[in-house]
1. Which ones in the stretch 25-59 are within 18 Å of Ile8 (Cβ to Cβ), in contact (Cβ under 8 Å) with a residue 12 or more places away in the chain and over 17 Å from the mean Cα position of the chain (by Cα)?
2. For the stretch 1-109, please list each of the strands (runs of 3 or more DSSP E) lying entirely inside it that holds at least 1 residues being under 13 Å from Ile121 (Cβ atoms) and out of contact with any Phe, Trp or Tyr (no Cβ under 8 Å at 6 or more places or on another chain).
3. Which of the following residues is within 13 Å of Ala149 (Cβ to Cβ) and of a type in the set (Lys, Arg): Lys50, Lys9?
4. In the stretch 153-171, which residues are touching a strand residue (DSSP E or B) at 6+ places or on another chain (Cβ under 7 Å), under 23 Å from Glu52 (Cα atoms) and not in a loop (DSSP other than H, G, I, E, B)?
Amino acid sequence: MQDNIAKIKSMIRDIPNFPKEGILFRDITTALKDAQTLRLTVDEIYEAFKDEKIDYIAGIESRGFIYGMPLAYKLNCGFIPVRKPNKLPAETISQEYELEYGKDKIEIHKDALKKGDRVLIVDDLLATGGTAAAACSLISQVAEVIGMAFVIELEDLEGRKKLPKDVKVVSLVKYNG
């Protein structure tokens, strides 16, 4: 496992000063284009949750879709997109959350889940935790969140502290600073 994580981390490109001065962006596109790294990433998340009896993967827009779809296939479960406002065509339920300067909202279809469904939330990045916590709150309105999986966690931003303590959280690659 540690060799796999080291391989995944080695394929994530650092881009200084993007999207603005002083930010070090962790770019997953280099890890996505490499078939072996993409497979290792999905396999590592699968191994962490394969015994959890998952009904659905909820992928957070947009990079949660990238990892969530092959994971849903591998776990033999359905996929539910967690989208930004006004992107889903049918009736939705939503959860608002705080941004650094203002608020945002995420949505799922109202009929996407039912009581008793077991859901794994997937995204590429856990940073400040706002979007992940909102997704957890949104899904919990209807179903049971059994876990959250991230490819990258920026530990110094302490996003994990915003997530429920009773939910299993797995992040593959961790960065400080």
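1. Thr30, Asp34, Gln36, Thr37
2. 56-60, 78-82, 92-99, 102-109
3. Answer to the selection: Lys50.
4. Glu153, Arg160, Lys168, Val169, Val170, Ser171, listed by residue number.
Here is a yes/no grid of residues against (1) surrounded by fewer than 20 Cβ atoms within 10 Å (Cβ to Cβ); (2) modelled with pLDDT of 95 or more; (3) of a type outside the set (S, T, N, Q):
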{"site": "Glu52", "(1), (2), (3)": "yes, yes, yes"}
{"site": "Ile60", "(1), (2), (3)": "no, yes, yes"}
{"site": "Gly78", "(1), (2), (3)": "yes, yes, yes"}
{"site": "Pro81", "(1), (2), (3)": "no, yes, yes"}
{"site": "Lys87", "(1), (2), (3)": "yes, yes, yes"}
{"site": "Ala90", "(1), (2), (3)": "yes, yes, yes"}
{"site": "Gln95", "(1), (2), (3)": "no, yes, no"}
{"site": "Glu98", "(1), (2), (3)": "yes, no, yes"}
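Yes/no per residue for (1) surrounded by fewer than 18 Cβ atoms within 10 Å (Cβ to Cβ); (2) modelled with pLDDT under 95; (3) under 21 Å from Ser94 (Cβ atoms); (4) within 13 Å of the chain's Cα centre (by Cα):
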{"position": "Leu113", "(1), (2), (3), (4)": "no, no, yes, no"}
{"position": "Arg118", "(1), (2), (3), (4)": "yes, no, no, no"}
{"position": "Asp124", "(1), (2), (3), (4)": "no, no, no, yes"}
{"position": "Gly129", "(1), (2), (3), (4)": "no, no, yes, yes"}
{"position": "Glu144", "(1), (2), (3), (4)": "yes, no, yes, no"}
{"position": "Met148", "(1), (2), (3), (4)": "no, no, yes, yes"}
{"position": "Ile152", "(1), (2), (3), (4)": "no, no, no, yes"}
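The values are calculated or read from the model by the stated rules, or taken from the named source; none is laboratory data. These numbers were taken from a predicted model, which means no experiment stands behind them. Cβ: placed from backbone, ideal geometry, glycine included. Neighbour counts: every protein chain shown.
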